[in-house]
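J.: One structure, pasted below without further comment.
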Amino acid sequence: MPVFIAKAGQEATLRETLLGLQVVSRKDAGCLEYTVFADDQRPDTFVLFEGWARHEDLRAHNDEAHVKEFVKAVQPLLAGPFTVTPITPLA
């Protein structure tokens, strides 16, 4: 579950960049869920909720060119490095 915090003035650009990643990533093999959320209390903060059929699908997604390009392109828009918290549903 990645969390992104925009630099002041970059909120709209970050939002659009994340939405672009969402559209492309939803087509990746094994993608069950890939949705960007805006934090209702912090307008500079966005959370990405993603679910994958298998861990291998997530690894393959992270190796995709569109993900690597996103990671490079998003850096100047962020107040600091984005964080990733791996989560697993309780069955």
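The values are calculated or read from the model by the stated rules, or taken from the named source; none is laboratory data. Source: prediction; values computed, not measured. Ideal geometry is used to build each Cβ from the backbone, glycine not excepted, and the neighbour counts take in all protein chains shown.
J.: Within the stretch 67-79, take every residue that is surrounded by 15 or more Cβ atoms within 10 Å (Cβ to Cβ) and under 12 Å from the mean Cα position of the chain (by Cα) and give me the one that is nearest to V3 (Cα to Cα). Break it down into steps so the answer makes sense when it comes.
T.: Taking the stretch 67-79 first, the residues surrounded by 15 or more Cβ atoms within 10 Å (Cβ to Cβ) are 67, 70, 74, 77-78.
If we keep only those that are under 12 Å from the mean Cα position of the chain (by Cα) as well, we get 67, 70, 74.
Numbers: V67: 15, F70: 14, V74: 12 Å.
Among those residues, the one meeting the criterion is V74.
J.: Within the stretch 1-23, restricting attention to residues that are part of a loop (DSSP other than H, G, I, E, B) and at pLDDT 95 or above, which residue is nearest to G80 (Cα to Cα)? Give the steps one after another, and end with the answer.
T.: Filtering the stretch 1-23 down to residues part of a loop (DSSP other than H, G, I, E, B) leaves 1, 7-10.
Of the ones still in play, those that are also at pLDDT 95 or above are 7-10.
Numbers: K7: 8, A8: 12, G9: 14, Q10: 13 Å.
If we take residues in the stretch 1-23 being part of a loop (DSSP other than H, G, I, E, B) and at pLDDT 95 or above, then K7 is nearest to G80 (Cα to Cα).
J.: Assess whether Q22 counts as being surrounded by 10 or more Cβ atoms within 10 Å (Cβ to Cβ) and more than 12 Å from the chain's Cα centre (by Cα). Give the derivation first.
T.: Details: surrounded by 10 or more Cβ atoms within 10 Å (Cβ to Cβ): yes; more than 12 Å from the chain's Cα centre (by Cα): no.
Answer is no for this residue.
J.: Can you list residue pairs whose Cβ atoms sit under 9 Å apart, with the first residue in the stretch 55-68 being closer than 16 Å to P86 by Cα and the second being surrounded by 15 or more Cβ atoms within 10 Å (Cβ to Cβ) and hydroxyl-bearing (S, T, Y)? Count only pairs 6 or more apart in sequence or on different chains.
T.: Sorted first by the residue in the stretch 55-68, then by its partner, the pairs are H61/S25; H61/Y34.
J.: Only residues that are under 20 Å from N62 (Cα atoms), among the charged types (D, E, K, R) and without any contact (Cβ under 8 Å) to a residue 24 or more places away in the chain: list them for the stretch 1-44, please.
T.: Matches in the stretch 1-44: E16, R26, K27, E33.
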